Number of protein chains: 2
Amino acid sequence: MQRIAIDMDDVMAETALHVINKINKLTGSNWTKESAAKSHPEFNTHYLPHREILFQKGFFRNIPVMTDAQEVIKNLQSKYEVFVVSAANEFPLSLTEKLGWLEEHFPFIGWQYTVFCGHKYMIKADYIIDDHPKNLIKFEGKGLLFDAPHNQEVFGYQRVHSWKEIEKILM
Amino acid sequence: MQRIAIDMDDVMAETALHVINKINKLTGSNWTKESAAKSHPEFNTHYLPHREILFQKGFFRNIPVMTDAQEVIKNLQSKYEVFVVSAANEFPLSLTEKLGWLEEHFPFIGWQYTVFCGHKYMIKADYIIDDHPKNLIKFEGKGLLFDAPHNQEVFGYQRVHSWKEIEKILM
């Protein structure tokens with residue numbers, strides 16, 4: 001059975017949207033995922049001074065699930081061994097929250113198939129689905145780049161925009 | 001550079017000893033690592049009814065460091081890429097504590113080289129040092145079994161009893 005490593009933030013979870021909503025509240029702005037993608041350097045001037053929100057208790061526990069992620073990942077499990085691989089160890093408080101989030105929204109995965117780490121290149125898998133090119137570049141398998149506001153300038157990887165598109169490619 | 005995956009509990013940390021000390025306090029017994037190794041089924045009749053101690057806040061944060069682990073792992077880093085790989089995701093509260101413990105006792109490793117997971121067989125490495133045969137059996141590299149009270153009946157792996165012994169083998 002082939003193995004897929006699936007990232008959490010901005011792949012299974014709408015993390016960028018969650019950040020944008022918080023920044024809008026903090027700064028009185030009205031960014032959307034689309035405008036943050038189009039003008040990402042400008043969005044960063046609003047976001048980066050508030051990056052501490054990522055380290056706050058509760059941030060990761062309440063992120064909305066990415067559209068169709070639950071249904072498609074459940075389907076993928078019939079054909080692949082699915083591991084969730086999140087480079088979360090920069091955020092010590094996020095780990096318990098991420099396990100709780102997965103247990104709530106993806107109870108069919110199970111903790112045995114979760115990985116919290118820093119680097120990802122030492123994971124053995126046939127596919128990785130991730131929004132960060134740093135996680136694709138040294139990866140031994142095939143990388144799918146999940147479209148996100150912060151990766152619009154990244155080229156050289158197969159870009160996917162939705163879980164339905166991933167389902168068509170992998171099933 | 002070859003890669004080593006190093007387990008935390010009962011390899012970097014004196015977890016069995018920490019458990020034994022807690023069981024002695026709870027039950028008024030006087031187990032040692034040696035007696036728990038010799039009579040492990042009997043020790044388990046004392047321990048297993050109290051296994052919830054593993055899930056309690058603070059348990060993992062205060063475990064003593066294994067003798068010589070700091071010095072030898074620092075030496076290993078000059079020749080190997082060292083990852084800490086702990087099957088900790090069964091214990092949601094342990095993750096933040098384990099990161100804090102590593103930052104305190106092994107600040108030269110860094111969160112980028114830490115992995116909290118369930119299964120370990122999808123980790124690509126040349127060596128794994130672990131006390132549980134379930135983590136060695138499906139592993140692609142060479143396994144070193146770290147001697148522990150609960151693995152006395154395990155055969156078929158190279159058994160190591162101390163970090164100084166590991167240093168002699170790997171350096």
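The numbers here are math on the coordinates, done by the rules we state, and not lab data. Computed from a predicted model, the values in this text were never measured in an experiment. Here the Cβ is made from the backbone with ideal geometry for all residues, glycine too, and neighbour counts use every protein chain on show.
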With the 8 Å Cα cutoff and a minimum separation of six or more residues, the stretch B:1-107 has a relative contact order in percent of 42 percent
Projected area averaged over all directions for the convex hull of the alpha carbon atoms of the stretch B:105-156, nm², comes out at 4.6 nm²
With one decimal in nm and the nearest listed first, the spacings from A:TYR121 to its own position in the other copies, using label points 7 Å along Cα-to-Cβ, are 2.6
Expected integer from the mean partner chain Cβ neighbour count at 10 Å over A:95-107 is 3
Quick calc, chain A, dipole around Cα centre from Cβ unit charges on Lys, Arg (+) and Asp, Glu (-), nearest 20 debye, gives 140 debye
Among beta bridges assigned by DSSP with both residues in chain B, the antiparallel ones amount in percent, to the nearest 5, to 5 percent
Computed over chain A: longest principal axis from alpha-carbon atoms vs helix A:94-105 long axis, angle to nearest 10 degrees, is 60 degrees
One decimal, nm, nearest first: from A:SER78 to the same residue in each other copy, label points 7 Å out along Cα→Cβ, the values are 5.6
Simple spin-label estimate for A:SER29/B:SER35, 7 Å along Cα→Cβ, in nm, reads 6.5 nm
Computed on Cα atoms only, the convex hull of the stretch A:1-112 has an orientation-averaged projected area in nm² of 7.6 nm²
If unit charges are put on Cβ atoms (+1 for Lys and Arg, -1 for Asp and Glu) and the dipole of chain B is taken about its Cα centre, the option from B:PRO64, B:LEU93, B:HIS46 lying farthest towards the positive end turns out to be B:LEU93
Taking every DSSP bridge whose two residues both lie in the protein assembly as shown, the antiparallel percent to the nearest 5 is 15 percent
The rounded separation in angstrom of the Cα centers of the stretch B:48-87 and the stretch A:38-62 is 33 Å
Length gained, B:ILE137-B:SER78, 0.36 nm per residue minus C-alpha separation, equals 18.5 nm
With one decimal in nm and the nearest listed first, the spacings from A:ASN21 to its own position in the other copies, using label points 7 Å along Cα-to-Cβ, are 4.5
Toy charge model, Lys and Arg Cβ at +1, Asp and Glu Cβ at -1: the protein assembly as shown dipole around Cα centroid in debye, rounded to 20, equals 60 debye
Taking R0 as 25 Å and r as the Cβ-Cβ distance between B:SER162 and B:ILE53, the FRET efficiency 1/(1 + (r/R0)^6), rounded to the nearest 0.05, comes to 0.45
Computed ³J(HN,Hα) along the stretch A:138-153: with the Karplus parameters 6.51/-1.76/1.60, θ = phi - 60°, integer Hz and x for glycine or proline, the list is 9, 7, 6, x, 8, x, 10, 8, 7, 4, 8, x, 8, 10, 5, 9
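Just to confirm the filter: which trypsin sites (Lys or Arg not before Pro) across the stretch A:1-57 are DSSP coil and have at most 11 other Cβ within 10 angstrom of their Cβ?
Here the sparse-neighbourhood loop sites are A:LYS57.
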Measuring from the longest principal axis of the C-alpha atoms of chain B, the long axis of helix B:15-27 (C-alpha) lies at a number of degrees, nearest 10, equal to 10 degrees
Taking the square root of 5λ for each eigenvalue of the C-alpha gyration tensor of the protein assembly as shown, the equivalent ellipsoid has semi-axes, largest first and in whole angstrom, of 39, 22, 19
The pairs in A:LYS74/B:LYS138; A:LYS57/A:LYS168; A:LYS164/B:LYS138 lying past 29 Å Cα-Cα in this model are A:LYS57/A:LYS168; A:LYS164/B:LYS138
